[in-house]
Amino acid sequence: MSSPATGPTAEPSMVDGQARKALKDDLARFDCRIHQPDDPPLFTREPRSDMRTVHWRWADLEPLLERVGQAIAIGSGGQRRTLRLANPGLPFGTTHTFWASIQYILPGEVAEAHRHTANAFRFILKGSGCTTTVDGEMYSMHEGDLVLTPSMAWHDHVHRGDEPMIWLDVLDISLSRSLHATFFEPYDRQMQPVNDVPEHSWRAFGSGIMRSPRAARPNAVNPLLVYPRQQAEAALALAEGLQPDPFEDVVLEYQDPVNGGAAMKTMGMSLLKLRPGFQGQPRRHTGSKLYCALRGHGSTIVDGQRYDWAPGDFLAIAPWSWHQHVNQTTQEAVLFEVDDLPAVKALGYYREEGLEQGEARQVIGAAQ
Ligand code: GTQ
Ligand code: FE2
């Protein structure tokens, strides 16, 4: 039999294909193998992801959420009512490292207390009147707030308001699952007892420029659990006076106020503002990310395909795809972004490429 065709990413052709096949069964008896001619290559020249770039439109999601809210009970034992953004290229996950879901909770409902190894956060999209308790600290949730539930922190959500509440949940569950590090534990009551001092982490660390000397948590874990919209947007307004970022115009990352790193160990969160007329440069990098449009309209071109987004839309971007943002409207656009770059960088796998000025146009115009 002749050796298989070699493409630019195939491994060197195998002149000894027959000899390799002949060894296969004997080796398998000892749980060993050698590379076979029809095995997929061990390496590719650059990342090749099964994850797809996907655009979810709020116009589609909103009626689905209402249906799910009416048809599905919230359940007990720490279950949740969520609409998961499922990537069609993957067996599970929005990206290969995290699941993003939209949680829908009705007045009077309790999403019961539990804890898990997966790191999670909520970014509140609509409604008010719900509280999340994280390891005994109670936080009220308002539109635009970010609330963290780090790995193994007990958490429950209680809705005392009078309209449905909707938020974005993101869990690094695909990552913890691929590392076979999944633990889950329901609490023995519906809700945890609430500490006397509400929003303790916010009082101790929330200013970001001062902190309490009586820090209760070790510095290895971000002690701050809430990032309210008002402060985040005020910071973003200040950042408008900086040099624009060539890719994301005005962009700030939610940070651990103690060590200055990302707010979570595995996931990065950012807030960005694309001002009218902004024409971002294209770039690509390892790691995956998801944008959620909060206000305004704009477009993102991913590998030559243009996605026009509106408030409430989500766009998941696969690793190593060229992407660039443009705002051709007369209104500013604000987006929330989540990525897995802290995990990718901690492992030493981060790489990026950006184009020189002259090449930028080609990417915009390229057909898919
Ligand atoms: O609210 O605790 O979307 O545990 C998935 C798993 C939300 C939560 C999700 C969870 C939660
Ligand atoms: Fe949870």
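The angle between the Cα long axis of helix 229-239 and the main principal axis of the chain comes to about 60°, on a 0 to 90 degree scale. In a simple Cβ point-charge model (Lys, Arg +1; Asp, Glu -1; nothing else charged), the stretch 198-250 has a dipole of about 560 debye relative to its Cα centre. Computed from Cα atoms, the angle from the helix 58-71 axis to the main principal axis of the chain rounds to 70 degrees. Charged side chains reduced to their Cβ positions (Lys and Arg at +1, Asp and Glu at -1) give the chain a dipole of some 340 debye around its Cα centre. Short-range pairs are left out: with C-alpha atoms under 8 Å and at least six residues apart, the relative contact order of the chain is 14 percent. If every alpha-carbon in the chain counts as one equal scatterer, what log10 I(q)/I(0) does Debye give at q = 0.07, 0.08, 0.12 1/Å? Here the Debye-derived log intensity ratios amount to -0.36, -0.47, -0.95.
Each peptide in 130-136, 176-182, 228-234, 53-59 receives the mean, over its residues, of other Cβ atoms within 10 Å, and ordering these scores from highest gives 130-136, 53-59, 228-234, 176-182. Projecting the Cα atoms of Leu90, His142, Ala118 onto the dipole axis of the stretch 59-167, where Lys and Arg carry +1 and Asp and Glu carry -1 at the beta carbon, places Leu90 farthest toward the positive end. For the stretch 74-206, a crude dipole built from +1 on the beta carbon of Lys and Arg and -1 on the beta carbon of Asp and Glu, taken about the Cα centre, is about 400 debye to the nearest 20.
Per DSSP helix of 4 or more residues, -39500 (n - 2.57); summed, then divided by the residues of the chain. What does that give at 222 nm, rounded to the nearest 500? Could you put the intermediate results ahead of the total?
Numbers: 7 runs with 61 residues, N = 368.
After summing the helix terms and dividing by the residues of the chain, the value is -4500 deg cm²/dmol.
Rounded if a/c is under 1.5, else prolate if a/b beats b/c, else oblate: with a ≥ b ≥ c from the C-alpha gyration tensor eigenvalues square-rooted, which is the stretch 153-244? Before the final figure, lay out each step's value.
Details: a/c = 1.45, a/b = 1.38, b/c = 1.05.
Rounded, since a/c falls under 1.5.
Could you work out the per residue convex hull volume over the alpha carbons of the stretch 68-223, in cubic angstrom?
Working: hull volume 20.2 nm³, N = 156.
That works out to 130 Å³ per residue.
Taken together, the values in this text are just the output of simple stated rules run on the coordinates, not laboratory data. Remember, predicted model here, so these are calculated numbers, not experimental data. When we count neighbours, we look across all protein chains shown, and the Cβ atoms used for this are built from the backbone with ideal geometry, even at glycine.
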